[in-house]
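Each value in this text was obtained by applying a stated rule to the coordinates, not by laboratory testing. None of these values were measured; they are calculated from a predicted model. Note that we place each Cβ from the backbone using ideal geometry, even for glycine, and neighbour counts take in every protein chain shown.
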Amino acid sequence: MQDQFRERLALASRAELEDLRLRALAVLERVQPARKYRLRSKVEEVEVTVAIETLVQVEAVLGRRGRWFLSSRRLQLRMKYLR
């Protein structure tokens, strides 16, 4: 499934990639404030996980970055949004 996602990203235009990035950021920003007042639901946890992976993959494609970037950025976003 991840391979299919990566293939779609490789074929996507810059505008489509930017749209995916903005959508992922919107999900993260929507779920982030709720953490202060209550525990996240399982659905929100999955949404955040998918949004983080989408954001990392899109940023890697846009910036032509490698595995080191992917792992460090993924960890950075997980610490910020899933703690």
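Details
- Our estimate of slack between Gln2 and Ala26, defined as 0.36 nm per intervening residue step minus the Cα-Cα distance, is 6.5 nm.
- Sorted by Cβ density within 10 Å, fewest first, the residues Leu17, Leu11, Leu55: Leu11, Leu17, Leu55
- Computed from Cα positions, the angle between helix 42-63 and the longest principal axis of the chain comes to roughly 30 degrees.
- Total charge dipole magnitude, segment 2-81, about the Cα centre, Cβ charges on Lys, Arg, Asp, Glu only, Debye to nearest 20: 400 debye
- Folded to 0 to 90 degrees: helix 2-11 orientation relative to the chain principal axis, Cα: 60 degrees
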